[in-house]
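Undergrad: Pasting a structure below so you can have a look.
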Amino acid sequence: MTGHAAPLTDSVDPYLIPALDGVAYGLLLFVAASGLVLCFGVANILNLAHGTLYAIGAYTVAALTDGGWGTLALALVVGVAVGAGAGGLLAGLLAPVARRDHLTQALLTFGVALAGGAVLVAVFGPDNLPVRIPPSLEGTVEVAGHRYAAYRLVFIGVAALIAAVLALVVARTRVGMLVRATVDDADMVACLGVNPARIRLGVLAVAGGLAGAAGVLGAPIIGPAPTTADTVLLLSLVVVVLGGLGSVRGTLLAALAVGEIQTLGVALAPAVAPFLLFAAMAVVLAVRARGLRARWPRLRPRWGGAA
């Protein structure tokens, strides 16, 4: 038995760190993409400016932090506030075209993304910016005999907490019930005395706040750079398509899968790694047209049905 165990350990052990990186990367994509799920699942809006909201958070933490816990907390508060404010402003811009086709929405939000990207480059410059984190998070910790970046390990815990809270709010709270009811039958919600427009505004603000939080927390992993917004938007769209529109849990599963494909692909097959993600997406969509959508929690239940 001992002679057979060693080769298995030897084959798995070198890829433990890339696998952990895949978890961190996937959870980052989930926090970023969950805002897109809310935008499309509740407000029925295709928001191509979502990557720019992430970039705002990433640039915010680069500008405000000096390596201390206080400035990191300040950057998180500011990033979330600015992202939420930008989401609310975007809701106002989208109000005249909210009931029109998705192509119109895509053109408008794409224009906002281009303008926002140009403003960020004009303010912060065209170079990649370094992000300073507290010294206690700059080192490494031992994981199964390997040294792993402390910040990424902490980020995995924080992002997992965000995912759990978001799923709980959507599935188990009155706010989540109103959100899901607005998706299913906005007219009925209005008859109950709740303004669906305010719910959509709140959802877009929350989506912007999630993107800002993802940008602040994920800046040491992705960004800030002039290409950050495009990279995050592309990967978020892949995650949302794979996970199934309107499914929070499906988005989480898809994000983790994308993270592992990206990191393990580079470790196992670097020559074809850039193509693995899109090949996996084609296979999933060919087998299941709705992606990895799970029944719980989802934003589009049948009226009166289980979430």
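Undergrad: Let a ≥ b ≥ c be the square roots of the eigenvalues of the Cα gyration tensor of the stretch 139-284; is it rounded (a/c under 1.5), or, if not, prolate (a/b larger than b/c) or oblate?
TA: Because a/c hits 1.5 or more and a/b exceeds b/c, the stretch 139-284 counts as prolate.
Undergrad: From the phi of every residue in the stretch 35-40, what ³J(HN,Hα) in whole Hz does the Karplus formula 6.51 cos²θ - 1.76 cosθ + 1.60 yield, where θ is phi - 60° and glycine or proline is x?
TA: Going residue by residue, I get x, 5, 4, 5, 4, 7 Hz, with x marking Gly and Pro.
Undergrad: Check Ile45: other-chain or 5+ apart residues with amide H under 5 Å from its amide H, H built from backbone geometry?
TA: Phe40
Undergrad: Oh, and also: Nearest 0.05, what FRET efficiency do Val283 and Thr173 give at R0 = 35 Å with Cβ-Cβ as r?
TA: So, using R0 = 35 Å, E works out to roughly 0.45.
Undergrad: In what sequence, highest mean first, do 161-173, 269-281 appear when ranked by Cβ atoms within 10 angstrom?
TA: Descending mean neighbour count gives 161-173, 269-281.
Undergrad: How do Glu142, Glu260 rank when sorted from fewest to most other Cβ atoms within 10 Å of their own Cβ?
TA: In increasing order of surrounding Cβ atoms, one gets Glu142, Glu260.
Undergrad: Further question on the same structure: Taking only C-alpha pairs under 8 Å that are 6+ residues apart, what is the relative contact order of the chain in percent?
TA: Across the chain, relative contact order equals 35 percent.
Undergrad: Go through the stretch 257-269 residue by residue and turn each phi into a ³J(HN,Hα) via Karplus (6.51, -1.76, 1.60, θ = phi - 60°); whole Hz please, and just put x for glycine and proline.
TA: 5, 5, x, 5, 4, 5, 7, 5, x, 5, 6, 8, 9
Undergrad: From the residues Ile261, Cys191, Ala106, which one has its Cα farthest along the dipole of the chain in the positive direction, the dipole being from +1 and -1 charges on Cβ of Lys/Arg and Asp/Glu about the Cα centre?
TA: Cys191
Undergrad: Please list, in chain and number order, the residues 5+ apart from Val143 or on another chain whose amide H is under 5 Å from its amide H, with Hs placed from the backbone.
TA: Tyr148
Undergrad: Each residue of the stretch 211-228 in turn: what ³J(HN,Hα) in whole Hz from Karplus with 6.51, -1.76, 1.60 and θ = phi - 60°, glycine and Pro shown as x?
TA: Per-residue couplings from phi come out as 5, x, 5, 4, x, 5, 6, x, 4, x, 9, 10, x, x, 7, x, 9, 4 Hz.
Undergrad: With +1 on each Lys and Arg Cβ and -1 on each Asp and Glu Cβ, how big is the dipole of the chain about its Cα centre, in debye rounded to the nearest 20?
TA: In debye, rounded to 20, the chain gives about 1180.
Undergrad: If you wrap a convex hull around the alpha carbons of the chain, what volume per residue comes out, as a whole number of Å³?
TA: 154 Å³
Undergrad: Pick out, from Leu120, Leu48, Gly145, the residue whose Cα sits farthest towards the positive end of the charge dipole of the chain, with +1 on the Cβ of Lys and Arg and -1 on the Cβ of Asp and Glu.
TA: Leu48
Undergrad: Follow-up. Given H placed on each backbone N at 1.01 Å, which residues far from Ser247 in sequence or on other chains put an amide H within less than 5 Å of it?
TA: Result for Ser247 returns Leu299.
Undergrad: How tilted is helix 69-94 with respect to the longest principal axis of the chain? Cα atoms for both, answer in degrees (0 to 90, nearest 10).
TA: The two axes meet at around 40 degrees.
Undergrad: In addition: Compute the distribution of all C-alpha to C-alpha distances in the stretch 59-178, in bins of 5 Å from 0, and list the percent of pairs in each, rounded to whole numbers.
TA: With 5 Å bins starting at 0, P(r) equals 2, 9, 10, 14, 16, 16, 15, 10, 5, 2, 1, 0.
Every number here is computed from the coordinates shown, using simple stated rules; none is lab data. Note that the coordinates shown come from a computational prediction; the quantities given were computed from them, not determined experimentally. Methodologically, a virtual Cβ is constructed for each residue, glycine included, from the backbone with ideal geometry; neighbour enumeration extends over all protein chains shown.
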